[in-house]
1. What nm value, rounded to one decimal, do you get for the distance between residue 220 and residue 72 when each label is placed 7 Å out toward the C-beta?
2. Using the alpha carbon gyration tensor of the stretch 3-51, what are the three equivalent-ellipsoid semi-axes (square root of 5 times each eigenvalue), largest first, in whole Å?
3. Which semi-axis lengths, in whole Å and largest first, follow from the square roots of five times the eigenvalues of the Cα gyration tensor of the stretch 46-145?
4. Over all alpha-carbon pairs in the stretch 72-199, figure out the percentage whose distance exceeds 25 Å.
5. In the chain, what % of DSSP beta bridges are antiparallel (nearest 5)?
6. Taking a 18 Å limit on the Cα-Cα distance, which of the listed pairs 62/93; 172/211; 3/172; 145/172; 145/276; 65/276 fall beyond it?
7. Report Rg(Cα)/(2.2 N^0.38 Å) for the chain, keeping two decimals.
8. I want to make sure I understand the PRE zone here: with the label point 7 angstrom from the Cα of residue 140 toward its beta carbon, which residues in the stretch 242-281 have backbone N atoms less than 16 Å away?
Amino acid sequence: MKKVIVGIGEILWDLLPSGKALGGAPANFAYHAGRLGEEGWAVSAVGGDALGREILDIVAEKGLKNLIVVTDKPTGTVEVELDARGVPSYNIKEDVAWDNIPFTPDMEALARRADAVCFGSLVQRMASRDTVLRFLRALRPEALKVFDINLRQHYYSREVLETSLQFADILKINDEEIRTVAGLFALGDDDVAACRTLIARFGLRFVILTKGPEGSCVITLDEVLPQPAGEAVVVDTVGAGDSFTAAFVVAYLRGDSLADAQRLASDTAAYVCSCKGAMPR
């Protein structure tokens, strides 16, 4: 039977100088879980506006199973501006639909049969935090909980991170984020030691530390398993990290070794980088 793998959180439009692009890690994660043969689900919310209807049309066209609720809040957007050097700055609009995801009976039913869920910190900046926590509490004890930390601007706090880590089985974090977290929790300057402290403190199984073009490593209390980045002619890196997480979770749930799960994750992310858009066919 297919594993039920859920991404819960933000779905939005990135408003780029070149035009708009669909964004949001949970939908990307769920899409790739589905493309890898499992039953991927996206849980989020949009507004009853043109931007929301367009998201629902795209999700339907991609064949992505979803519980995307239509609310009376506007569909989420992120304004992306580039300075003279091409460096982007972001304005993530607040109090939008994905900030106000209602917890529905259908979501509770989905949680009861989920084999894994991936959640982040950004979606917990407002009222949706209660929905995320209720979803996590409704999971079966054996369901895998992956915290893909996803720090953005000022939309996180030590309290949100602590609570999320207490729920999590696996932490996925990048090399910039581990420095921020190490500062919040006074973990020192050694990334591996910081990850091991988090494992011990919160009872995690392991930490996945991603390092962009330098690849990734899986860190346990007694091992560090490195994996180089997959080779690719890079067209677009959008969604590559989400596809990495999805592939790792799919392989891990199938019983693959950590090294094999990491290898599939790296290859999948490389493939996504070689395509345009976060959800290539």
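1. It works out to 5.2 nm between the two label points.
2. Working: eigenvalues 108, 32, 11 Å².
They are 23, 13, 8 Å, listed from largest to smallest.
3. Numbers: eigenvalues 150, 58, 39 Å².
Here the semi-axes work out to 27, 17, 14 Å.
4. Working: 2829 of 8128 pairs.
The answer is 35 percent, as a whole percent.
5. Details: 18 of 49 bridges.
Once the DSSP bridges in the chain are tallied, antiparallel ones form about 35 percent.
6. On the way: 62/93 26 Å; 172/211 11 Å; 3/172 20 Å; 145/172 11 Å; 145/276 29 Å; 65/276 22 Å.
Table pairs above 18 Å Cα-Cα are 62/93; 3/172; 145/276; 65/276.
7. Numbers: Rg = 17.6 Å, N = 281, 2.2 N^0.38 = 18.7 Å.
So the chain has a normalised radius of gyration of 0.94.
8. So the set is 253-255.
Read-outs throughout are calculated quantities, based only on the coordinates presented, and are distinct from any laboratory measurement. Remember, predicted model here, so these are calculated numbers, not experimental data. Quick reminder, even Gly has a Cβ in these numbers, built from the backbone with ideal geometry, and neighbours come from all protein chains shown.
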